[in-house]
Amino acid sequence: MIDFLKISSMAIFDEIEIDFTPGLNCITGETGAGKSLILDALTLLMGARAGRELIRPGSEKTIIEALFTVGGREMVLRREIYPTGSSRCYIDGKLTAATGLAEESSGLIHIYGQHEYQDLLNPRQHMRILEDYAGINRDKVEAAYMEYAEATQMYEELKNLLDSFVQERDYLEHCIKELTAARIEEGLEERLTQELQTAQKASELKQTALAAQEIIYTGTPSITDLSAEARHQINRIVANDPSMERLVHSMDEIMAQLEDMHVELRSRIDAYEHDPQRIEDLEEQLNTLRELKRKHRADEGGLLRLASEMQQKLSMLDESGNSTSAAKVKVEEALQKYNDTTKSFLEKRWRASNNLSKKINMNLKDLGMPGTDFRVKQLKLDEIDKIFLGQEGRAVSPSILLKGEFLISTNVGQNILPLAKIASGGELSRIMLAIKAQQKSSSEATMIFDEIDAGISGQTAIAIARKLKEISGHAQAIVVTHLHHVASVADSHFVITKTVEGRTTSSTLQRVRSSERVMELARMMGGDSPSSSVIEHAKELVRSHEGRSALEH
C-alpha cells in the first residue's frame, strides 16, 4: 500500500505531502483544483511518459516520491522530471530506468477510471476482464495456434515443392535417359569425330596399310629382308673388329621395331573394313552428343554434372514425398493440440464466467440494481468442433474461438442484450464496481478510482459508496470523488484547495477531520454557502462515521 506521497513543483502544486491510511482514502475539492494531478503523479511513478509541461513555472524540476509497504518492508520510488523532457528514476535511492519503475510498481497500483468505462463499452475487452478474474491467459491457446500455423505453412511449402517436382519428373527422367544413353565422357566428341573419319576412309586406309606392309615385310626384297642381310654383314665385321658390336645391337632393335610394325599393320589391315552401319551409328552418336550439348549449353563435363544434378532432384522428389507425409502428420498433431488447448481454456473460462455472473448479480443487487441479469456470451464447448475448421479446412484463429461479450438485462422481463448497447452511465459505474469487487487483488495493492461516481446521485451514489467501502476492507483504496456519499464513508478525507495570488495559482492539500470535514461535505452538498440544514446533515454523516467525540473535539 501507499503510505506517503510527496509532490514538488508539479503544475499548480508547489509542494504537497499526503499520509495515506489503510482502508478508504478520498480526495475532494473544487473542479480544477488539481485532484487529477494526484493520479498523474502516481502514473509517473508507474513509468508513464513524462511531459515537461507538468513542471511548475520557474522550477528546475518536478519531484515525485512515494513510500510503499511491500511484504513487510518499506520501499521508496522517486522520479525527477526536467524541463528538457528527460527524467531520472530511483528505487530506494538507486538510479533506474522508467521501465524499472513500471516493473517495481506493477501489481502495487491499479487505477480505474473513464478508461475502464470504455473497456465495458468495448466487447473486445470483456473477455480480458473475465480472464483476469479467472486467473488465466490465452498464451497457450495462441502458442498452440502458432504451432499449427507454422506446421501448416511448412507442409504447404513442401507440398508446393513436391507438386513442382512432380510436374518436372517426366522431363527429368527423359533427360537422364538421354544423357545415360549417350554414354557421355570427357573428350567424347573428339574421339567420335576421329572414329568417324577413320570409318569413312577405311578402304583407302586398308590399301595404304597393305602397301606399307609389302614394303616393310611381305615384298621381295622387303625392308625386313634387307635389314637381315645388313645385320649378317655387320656380324662379319664384328668378328674382326669387336668395337663394332654396338651396331649389332642397333640392328637387333631395328629388326624388333620392324616386327612390331608388321604386327600393327596386319591388325589394322584386318580392321580397316568399310562398314556403312558403323559409319551410320557413329554419325548418329555424334549428332546426338552435339544436340545434347547445344540443348543444355554445356560441354561433356557440364552434361555429366547435369545428369548428376537431375538424378539428385529425382532422389529429392522421393525424399520430399516422405518429408511431406511427415509434415502432414505434424499438422494433424498440431491441429489436435490446438483443439484440445482451446477446449481446456474455454472450459476454465466457462466455469469462471458462471461464478462471476452469479457474484456480479449479487453485487448489483447490493448496488441498487435488483432484478439485473448479467451473463457472459461466449462459444459453448459443444460448438467448438462445428466452427473449428473454416474455409479450405483450416482451423480458425483464437480471436474467433475465444471472442465473447457481456450481456445484461437491467429489469425483470426485459430481453438480455449486449451490455454496451443498453447500460447507462450510472449502471456502468455500478457494473464496474461489481466486477472490481470480484477481481483478485493483493492486500498490499492500492486501488485508485478516478471519478467513478461521475454523473450519478441519490440511491445509486449511496450504493457505490457502500461498495467502495467494502472493497477498501480488502485493500487500500483511493477515490477522487464529487459525491458526499462517498466522501462521508472514507477512513481518510483529503481536500485540495486552489488559491490565486496575482499571476500565480497554487493548490494545497490537507486532511480534514471533524468540523473541517463537515464543512467540506456541506460544500459538496450545497455549494460554497451551504444552508444550516445542509451543514446539519453533513454533521450527521460525519457523526455516523467518526463518532460524536470527534465532533465535540
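I'm told Ile360 meets every condition in (1) in contact (Cβ under 8 Å) with a residue 12 or more places away in the chain; (2) surrounded by fewer than 15 Cβ atoms within 10 Å (Cβ to Cβ) except one. Can you identify the failing condition by its number?
It is condition (2) that Ile360 fails.
Specify which of the listed residues (Ile176, Ile136) is part of a helix (DSSP H, G or I), β-branched (Val, Ile, Thr) and surrounded by 15 or more Cβ atoms within 10 Å (Cβ to Cβ).
On the way: Ile136 fails: part of a helix (DSSP H, G or I).
Sole residue among the options that is part of a helix (DSSP H, G or I), β-branched (Val, Ile, Thr) and surrounded by 15 or more Cβ atoms within 10 Å (Cβ to Cβ): Ile176.
Quick check on my filter: what residues within region 487-513 are touching a strand residue (DSSP E or B) at 6+ places or on another chain (Cβ under 6 Å) and among the β-branched types (Val, Ile, Thr)?
Val495, Ile496, Thr497, Thr499, Thr508, Val512
With the checklist (1) part of a loop (DSSP other than H, G, I, E, B); (2) within 30 Å of Ala181 (Cβ to Cβ) in hand, flag the one item Arg290 doesn't pass.
With (1) part of a loop (DSSP other than H, G, I, E, B); (2) within 30 Å of Ala181 (Cβ to Cβ) applied to Arg290, the lone miss is (1).
Inside region 449-540, counting only strands (runs of 3 or more DSSP E) that do not spill past its ends, which hold 3 or more residues that are polar (S, T, N, Q) and more than 25 Å from Leu433 (Cα to Cα)? Full working, then the answer.
Details: elements: 476-480, 492-501, 504-512.
Those strands (runs of 3 or more DSSP E) span 504-512.
Is it the case that Glu253 is more than 30 Å from Arg183 (Cα to Cα), of a type in the set (Asp, Glu) and part of a helix (DSSP H, G or I)?
Values: more than 30 Å from Arg183 (Cα to Cα): yes; of a type in the set (Asp, Glu): yes; part of a helix (DSSP H, G or I): yes.
Spelling it out, Glu253 is indeed more than 30 Å from Arg183 (Cα to Cα), of a type in the set (Asp, Glu) and part of a helix (DSSP H, G or I).
Condition check: within 21 Å of Asn122 (Cβ to Cβ) and either in a helix (DSSP H, G or I) or assigned by TED's automatic domain parsing to the domain that holds Leu158 (or both). Does Ile400 satisfy that? Before you say what the answer is, go through the steps one by one.
Working: within 21 Å of Asn122 (Cβ to Cβ): yes; either in a helix (DSSP H, G or I) or assigned by TED's automatic domain parsing to the domain that holds Leu158 (or both): yes.
Against the criterion (within 21 Å of Asn122 (Cβ to Cβ) and either in a helix (DSSP H, G or I) or assigned by TED's automatic domain parsing to the domain that holds Leu158 (or both)), Ile400 qualifies.
Could you tell me whether region 153-170 includes any residue that is closer than 25 Å to Gln312 by Cβ and part of a loop (DSSP other than H, G, I, E, B)?
Applying the first criterion (closer than 25 Å to Gln312 by Cβ) to region 153-170 yields 154-170.
Narrowing further to those that are part of a loop (DSSP other than H, G, I, E, B): none.
Within region 153-170, not a single residue is closer than 25 Å to Gln312 by Cβ and part of a loop (DSSP other than H, G, I, E, B).
Taking region 1-55 as the region of interest, how many residues are among the basic types (Lys, Arg) and either over 42 Å from the mean Cα position of the chain (by Cα) or closer than 19 Å to Ile478 by Cβ (or both)? Don't jump to the end; show me each part of the working.
First, the residues of region 1-55 that are among the basic types (Lys, Arg): 6, 35, 49, 52.
Checking the rest, the ones that are also either over 42 Å from the mean Cα position of the chain (by Cα) or closer than 19 Å to Ile478 by Cβ (or both) come to 6, 35.
Residues in region 1-55 being among the basic types (Lys, Arg) and either over 42 Å from the mean Cα position of the chain (by Cα) or closer than 19 Å to Ile478 by Cβ (or both): 2 in total.
Taking Arg375 as meeting all but one of (1) crowded, with 16+ Cβ neighbours inside 10 Å; (2) closer than 17 Å to Lys140 by Cβ, write down the number of the exception.
Tallying (1) crowded, with 16+ Cβ neighbours inside 10 Å; (2) closer than 17 Å to Lys140 by Cβ, Arg375 fails exactly one: (2).
Residues of region 403-436 being in a helix (DSSP H, G or I) and acidic (Asp, Glu), which ones?
Here is the first cut: in region 403-436, the ones in a helix (DSSP H, G or I) are 419-422, 425-436.
Once the filter is applied, which keeps residues that are in a helix (DSSP H, G or I) and acidic (Asp, Glu), region 403-436 yields only Glu427.
What number of residues within region 384-406 are within 11 Å of Lys343 (Cβ to Cβ) and surrounded by 12 or more Cβ atoms within 10 Å (Cβ to Cβ)?
Restricting attention to region 384-406, the residues satisfying the condition of being within 11 Å of Lys343 (Cβ to Cβ) are 384-385, 388, 401.
If we keep only those that are surrounded by 12 or more Cβ atoms within 10 Å (Cβ to Cβ) as well, we get 384, 388, 401.
Summing the residues that are within 11 Å of Lys343 (Cβ to Cβ) and surrounded by 12 or more Cβ atoms within 10 Å (Cβ to Cβ) in region 384-406 gives 3.
The values are calculated or read from the model by the stated rules, or taken from the named source; none is laboratory data. What you are looking at is a predicted structure, and each value in this text was computed from that prediction instead of being measured. Glycine also receives a Cβ, built like all others from the backbone with ideal geometry; neighbour counts cover every protein chain displayed.
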